[in-house]
Structure formats: C-alpha cells, structure tokens
Amino acid sequence: MNVFIKSNIREIAEKEHTYFVQKHNAEVALTQAKRQCKLLMGKPETILGIAGVGAYKGASDAKPKARRNQALMAISRTALLSLFQ
C-alpha cells in the first residue's frame, strides 16, 4: 500500500509542477503582449495613422467639427498615455 501512496504523491507533485510552469508561461506571454501593444501605440507612425483616419472621417462627415475634435482627443489621449508608460 505504501508504494501506491508514494507514486500518487509523486504524480500529484509532477502535475502541480506542470501547472505552475504553464501558469508562469501564460503570465510571461501576457506581459509580452502588453509590452508589444504599448510599443506599437507609442510609435509615431501609429499616432499619425490615427490622426489620418480622424482627418479623413472629419473631412467626409456631415459634422466635421465634432469629428475633428474627437480625432484630436484620441490623438492627445494616445500621446499622453504613451508618455506616461
């Protein structure tokens, strides 16, 4: 009976180890994804792309002033958030 208990305890320990390794890998992947998103949003070409889309929407809309203000707020918010990160 003692042999079965030792093998079960060893199995449980191996499964716990596997679980913690997978948990750690998931946390690392999440951290890397967040970092890549922050770096992407901080690039000047991304900010200019957002400004270009906003300008296009502002030029092709019936209410250009409201769209322009919305685009400027989006650009400024993105720029400020990229500065503070």
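Residues are listed down the side, and each one gets a yes or a no for (1) open to solvent by less than 100 Å² (accessible area, probe 1.4 Å); (2) modelled with pLDDT of 75 or more; (3) under 21 Å from the mean Cα position of the chain (by Cα):
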position	(1), (2), (3)
Lys43	yes, no, yes
Thr46	yes, no, yes
Pro64	yes, no, no
Ala74	yes, yes, yes
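Residues in segment 14-39 that are open to solvent by 90 Å² or more (accessible area, probe 1.4 Å) and within 30 Å of Asn69 (Cα to Cα): Lys34, Arg35, Gln36, Lys38, Leu39.
The values are calculated or read from the model by the stated rules, or taken from the named source; none is laboratory data. Remember, predicted model here, so these are calculated numbers, not experimental data. In case anyone asks, the SASA skips ligands and DNA or RNA and just uses the protein heavy atoms, side chains included. Shrake-Rupley method; radii C 1.70, N 1.55, O 1.52, S 1.80 Å.
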